[in-house]
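Accompanying notes for the structure given below.
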Amino acid sequence: MSEQTRPVTSNSATPGADPAHSKRPMRLLLAGPRGFCAGVDRAIRVVEEALRRYGAPVYVRHEIVHNRTVVEGLEAKGAIFVEELDEVPPDAHVVFSAHGVPKSVPAEARRRNLIYLDATCPLVSKVHREAERHFAGGGEDQRHILMIGHAGHPEVVGTMGQLPPGAVTLINDAKEAASVQPENPDKLAFITQTTLSVDDTAEIVDILRSRFPSIEGPRREDICYATTNRQIAVKELAAECDLFVVIGATNSSNSQRLREVAERSLAKRALLVPKVADMDWSEMEGVETLGMSAGASAPESLVQEMIKELSMRFDLRIEERIVKEENINFRLPYPLTETV
Ligand code: SF4
């Protein structure tokens, strides 16, 4: 994968900052790609477009993406976030989050005459269809599905909820992959959550394939392009860093994985920091090279705020290392594609 290094910049002319010579030098390695993926961008546009077309309030079931800054920004525009549909009044518009929902949720929305818009990322929907395809054969062709993912994550709940109870067994880690005892080991398929660690998942898939040679599944796993690219970018930089900061929410799976990847790739230390106000600046003691990335649900504005604060405290030299350019865009779902 080709790597591109963006020009070195200095902040010595930052307005209002101390003269550069009074500040300790720090090298900042910025990983690219970082931050918003196409699925997150689309989910936010769904809420914004719904507000534009239908007016406030528009209800959103669950955090549209796992980031408080994004959620608060949409609340300010008139979105109301709820956890369950029974909190939504009759005839209201409701958006389902990017993580996807079990089939019971749109069914309940129809039963209650709610007007729903599905912001499920198309790459999550693709996994839903895979699960259905493996199960659909019925009778002898039907496969039991092993889903590699983290218990309780909304994407896992949504994907498992595409099929009847008992059709999917969740595999949380390598230990469970090594011990699972399916009823019919010759009739299995696997799927994965989209935001897992690429390396951990490869290990789990290897275990499943060696225990169950006829298991069906994707060629490698279902981890999405954005998760993969962000992990590769962090891996490239981590070993050079005294500290690696991942900007992202603590409940964001892909942000947590980035922090782990940084640590495993030999960054001396790695932190997950939701926003600049949460930074414990004592962590910067002795740091000469700082690495930085952002989870797929973290807006670039949070990265820029962190850089601005760093610039006030250090004589910052910034290098941006981009391992892959991304130009993926997802269309809005029906009916938001209709002209009004
Ligand atoms: S992280 Fe991947 S699967 Fe999740 S919303 Fe982004 S593109 Fe879609």
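The values are calculated or read from the model by the stated rules, or taken from the named source; none is laboratory data. Model, not experiment: these values are computed from the prediction. Methodologically, a virtual Cβ is constructed for each residue, glycine included, from the backbone with ideal geometry; neighbour enumeration extends over all protein chains shown. With ligands, DNA and RNA removed, areas are computed over all heavy atoms of the protein, side chains included. Shrake-Rupley method; radii C 1.70, N 1.55, O 1.52, S 1.80 Å.
For the range 46-102, which strands (runs of 3 or more DSSP E) that fit wholly inside it have 2 or more residues that are surrounded by fewer than 21 Cβ atoms within 10 Å (Cβ to Cβ)?
In the range 46-102, the matching strands (runs of 3 or more DSSP E) lie at 79-82.
Among the candidates ALA262, ALA277, ALA239, single out the residue that is open to solvent by 40 Å² or more (accessible area, probe 1.4 Å), in contact (Cβ under 8 Å) with a residue 12 or more places away in the chain and either of a type in the set (A, V, I, L, M) or touching a helix residue (DSSP H, G or I) at 6+ places or on another chain (Cβ under 8 Å) (or both).
ALA239
Name the residues in the range 153-167 that are within 15 Å of the ligand (Cβ to nearest atom) and crowded, with 22+ Cβ neighbours inside 10 Å, would you?
Across the range 153-167, the qualifying residues are GLU155, VAL156, GLY158, THR159.
When you scan the range 227-235, do you find a residue that is away from the ligand (no atom under 16 Å from the Cβ) and either open to solvent by less than 10 Å² (accessible area, probe 1.4 Å) or over 28 Å from ARG143 (Cα atoms) (or both), even just one?
Yes, there is a match, as at least one residue in the range 227-235 is away from the ligand (no atom under 16 Å from the Cβ) and either open to solvent by less than 10 Å² (accessible area, probe 1.4 Å) or over 28 Å from ARG143 (Cα atoms) (or both).
Checking the structure you have, find out if any residue of the range 282-291 is in contact (Cβ under 8 Å) with a residue 24 or more places away in the chain, crowded, with 21+ Cβ neighbours inside 10 Å and outside the structural domain of TYR116 (by TED's automatic domain parsing).
Checked the range 282-291: at least one residue is in contact (Cβ under 8 Å) with a residue 24 or more places away in the chain, crowded, with 21+ Cβ neighbours inside 10 Å and outside the structural domain of TYR116 (by TED's automatic domain parsing).
When you go through VAL101, VAL124, VAL105, VAL95 one by one, which is the residue that is within 13 Å of the ligand (Cβ to nearest atom) and not small (Gly, Ala, Ser)?
None of the others qualify; the one that does is VAL124.
Could you grab me the full set of residues in the range 286-321 that are touching a helix residue (DSSP H, G or I) at 6+ places or on another chain (Cβ under 9 Å), away from the ligand (no atom under 16 Å from the Cβ) and either aliphatic (A, V, I, L, M) or part of a helix (DSSP H, G or I) (or both)?
Selection gives LEU290, MET292, SER301, LEU302, GLU305, MET306, LYS308, GLU309, LEU310, ARG313, LEU316, ILE318.
For every residue, the table says whether it meets (1) open to solvent by 10 Å² or more (accessible area, probe 1.4 Å); (2) not β-branched (Val, Ile, Thr).
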| site | (1), (2) |
| --- | --- |
| HIS144 | yes, yes |
| THR169 | yes, no |
| ASP173 | yes, yes |
| ALA189 | no, yes |
| GLN193 | no, yes |
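Taking the range 192-202 as the region of interest, how many residues are more than 13 Å from the ligand (Cβ to nearest atom) and closer than 20 Å to PRO213 by Cα?
Final tally of qualifying residues: 3.
Within the range 129-142, is there a residue that is within 16 Å of the ligand (Cβ to nearest atom) and open to solvent by less than 10 Å² (accessible area, probe 1.4 Å)?
Checked against the condition, which is being within 16 Å of the ligand (Cβ to nearest atom) and open to solvent by less than 10 Å² (accessible area, probe 1.4 Å), the range 129-142 yields at least one hit.
Would you say ILE215 is more than 16 Å from the ligand (Cβ to nearest atom), more than 27 Å from ALA294 (Cα to Cα) and open to solvent by less than 30 Å² (accessible area, probe 1.4 Å)?
yes
Restricting to the range 236-246, give me the number of residues that are among the acidic types (Asp, Glu) and within 16 Å of the ligand (Cβ to nearest atom).
0
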